[in-house]
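This report concerns only the one structure given below.
The values are calculated or read from the model by the stated rules, or taken from the named source; none is laboratory data. Model, not experiment: these values are computed from the prediction. Every residue, glycine among them, receives a Cβ derived from its backbone with ideal geometry; neighbour counts consider all protein chains shown.
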Amino acid sequence: MEHDRVELDGHAVDLQAKVYLMMNKPRGLVTTAADEKGRKTVYEVLEKAGGSLPWVAPVGRLDRASEGLLLLTNDSEWGAKISAPETHLDKTYHVQIGTVADENLIRAITRGVKVADGKCFRSTKSSVLRTGQKNCWLEIVLDEGKNRQIRRMFAALDVEVLRLVRVAIGPLPLGTLAKGSYRPLTIEEKLALDRAMAKPGVRISKRSEDQ
């Protein structure tokens, strides 16, 4: 099998292998390489596991208080496409709120909620997962993740978000991956994400994610 050979000034250069990771991000970590406030970052999860990895960057963001599925890669083009609003790749969240949701609340976040800056945010799908006496868990699907979209929608409705967990990106579920752990995507998982993004006419712009 033949391989491409890349040379610089007559010397062979090894092309860095593409790496695609999924992480179960715990609460309390910021999704940056370094934080000006000295807060812990998701890179501490990679460092604790040891081993040798090339530099990888988060695909989109989960804010410090949010948790769940986070992708990391050194394939910047692929990462940008995953995050791009134009790709319309569903992101699924389980959200615990400090009230018992009724039909009016579900209808509001599905039809659209005007937030503080005048923008209107909506979910693609919303449903109740389970209900307690004073709070409940919702499943919310977004196909265009705006900055802190779920939190801003509920803030506009005067509803407290107690927990926010991303449980799937497109066809990729978080599954049983332990909190604070990561692993490489399987070939099948990577191909499934690629197929989900294979839509004609998609043009990539600046990413604008996440919760």
* To do: Please work out if LEU129 is of a type in the set (A, V, I, L, M) and either crowded, with 18+ Cβ neighbours inside 10 Å or not in a strand (DSSP E or B) (or both).
  => no
* segment 19-63, residues that are of a type in the set (Lys, Arg) and surrounded by 12 or more Cβ atoms within 10 Å (Cβ to Cβ) -> LYS25, ARG27, ARG39, LYS40, ARG61
* Structure fact -> Conditions (1) touching a Leu at 6+ places or on another chain (Cβ under 9 Å); (2) closer than 17 Å to LEU164 by Cα -> VAL100 fails only (1)
* Asked: Does at least one position in segment 25-32 carry a residue that is modelled with pLDDT under 90, out of contact with any Gly (no Cβ under 9 Å at 6 or more places or on another chain) and either assigned to a loop (DSSP other than H, G, I, E, B) or of a type in the set (Asp, Glu) (or both)?
  -> yes
* To do: Would you check if LYS119 is surrounded by 12 or more Cβ atoms within 10 Å (Cβ to Cβ), farther than 18 Å from GLN96 by Cβ, under 15 Å from the mean Cα position of the chain (by Cα) and in the same structural domain as VAL95 (by TED's automatic domain parsing)?
  => no
* Asked: Among the residues of segment 41-55, is there at least one that is within 23 Å of ILE150 (Cα to Cα), in a loop (DSSP other than H, G, I, E, B) and modelled with pLDDT of 90 or more?
  -> yes
* Do you know which of the residues in segment 84-112 that are touching a strand residue (DSSP E or B) at 6+ places or on another chain (Cβ under 6 Å) and small (Gly, Ala, Ser) is modelled with the lowest pLDDT? -> GLY112
* **Unique residue being of a type in the set (D, E, K, R), within 15 Å of the chain's Cα centre (by Cα), part of a helix (DSSP H, G or I) and outside the structural domain of GLU47 (by TED's automatic domain parsing) when the list is ARG107, ARG151** => ARG151
* Residue list for segment 73-131, filter: free of Cβ contacts under 8 Å to residues at least 40 places away in the same chain and of a type in the set (Val, Ile, Thr) -> VAL100, ILE106, THR110, THR124, VAL128, THR131
* Candidate set: segment 113-126, residues that are hydrophobic (A, V, I, L, M, F, W, C) and assigned to a loop (DSSP other than H, G, I, E, B); chosen: the one modelled with the lowest pLDDT -> ALA116
* To do: With the condition kept exactly as written, say whether any residue in segment 160-174 is over 19 Å from the mean Cα position of the chain (by Cα), at pLDDT 95 or above and surrounded by fewer than 18 Cβ atoms within 10 Å (Cβ to Cβ).
  => yes
* **All positions within segment 175-185 that are surrounded by 12 or more Cβ atoms within 10 Å (Cβ to Cβ) and polar (S, T, N, Q)** => SER181
